[in-house]
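Single-structure report; data block below.
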Amino acid sequence: MKNIFRKFDPQKNGFITEDDFLKFYQISCTQKPETVWQNLKAHLYKNNLKLIDDVEEKDVDVESLPRFIIASDYEFFNSIFGFLDVGEETTTISWDLINRLPTSPAIF
């Protein structure tokens with residue numbers, strides 16, 4: 001942060017103008033693109049530069065979505081639960097997937 005203010009706060013008043021901030025990010029985009037993408041993701045921007053919460057209204061057949069198909073297929077859904085006993089990394093990945101799926105009709 002000190003380097004940013006040293007370079008982009010010519011008045012040395014502890015503030016960066018909007019123009020100076022934009023200059024900083026323009027330079028950063030070319031010199032440190034990975035860091036810029038990490039910053040954008042930390043502020044909940046997707047790769048298309050839209051906010052994660054910005055949901056585009058589309059007519060989607062929910063039953064055609066993979067998460068619905070997986071949750072609705074008893075054998076497939078049940079096999080994911082079987083992966084919970086395989087090993088640490090597989091268990092973690094399987095549990096993360098289960099948490100992202102809608103509730104399976106087989107459960108209730």
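The values are calculated or read from the model by the stated rules, or taken from the named source; none is laboratory data. Keep in mind the model is a prediction, meaning the values are calculated, not measured. Because the Cβ atoms are built from the backbone with ideal geometry, glycine has one as well, and the counts that use them run over all protein chains shown.
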What is the one condition in (1) over 21 Å from the mean Cα position of the chain (by Cα); (2) part of a loop (DSSP other than H, G, I, E, B) that LYS58 does not satisfy?
-> (1)
Determine whether the stretch 38-50 contains at least one residue that is closer than 30 Å to LEU97 by Cα, of a type in the set (A, V, I, L, M), in contact with a strand residue (DSSP E or B) (Cβ under 7 Å, 6 or more places away or on another chain) and free of Cβ contacts under 8 Å to residues at least 60 places away in the same chain.
-> yes
Could you pull out the residue among LYS12, LYS23 that is surrounded by 12 or more Cβ atoms within 10 Å (Cβ to Cβ) and either free of Cβ contacts under 8 Å to residues at least 40 places away in the same chain or not in a helix (DSSP H, G or I) (or both)?
-> LYS23
Within the stretch 74-93, the count of residues that are among the hydrophobic types (A, V, I, L, M, F, W, C), farther than 20 Å from PRO105 by Cα and surrounded by 12 or more Cβ atoms within 10 Å (Cβ to Cβ) comes to 1
If ASN3 passes every condition in (1) touching a residue at least 12 places away in the same chain (Cβ under 8 Å); (2) in a helix (DSSP H, G or I); (3) of a type outside the set (Gly, Ala, Ser) but one, which one does it miss?
-> (1)
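Can you find, within the stretch 70-101, the residue that is modelled with the lowest pLDDT among those that are touching a Leu at 6+ places or on another chain (Cβ under 9 Å) and not aliphatic (A, V, I, L, M)?
Here the answer is PHE77.
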Determine whether the stretch 54-69 contains at least one residue that is touching a Leu at 6+ places or on another chain (Cβ under 9 Å), surrounded by 10 or more Cβ atoms within 10 Å (Cβ to Cβ) and not charged (D, E, K, R).
-> yes
In this structure, is ASN48 assigned to a loop (DSSP other than H, G, I, E, B) and not assigned by TED's automatic domain parsing to the domain that holds TYR25?
-> yes
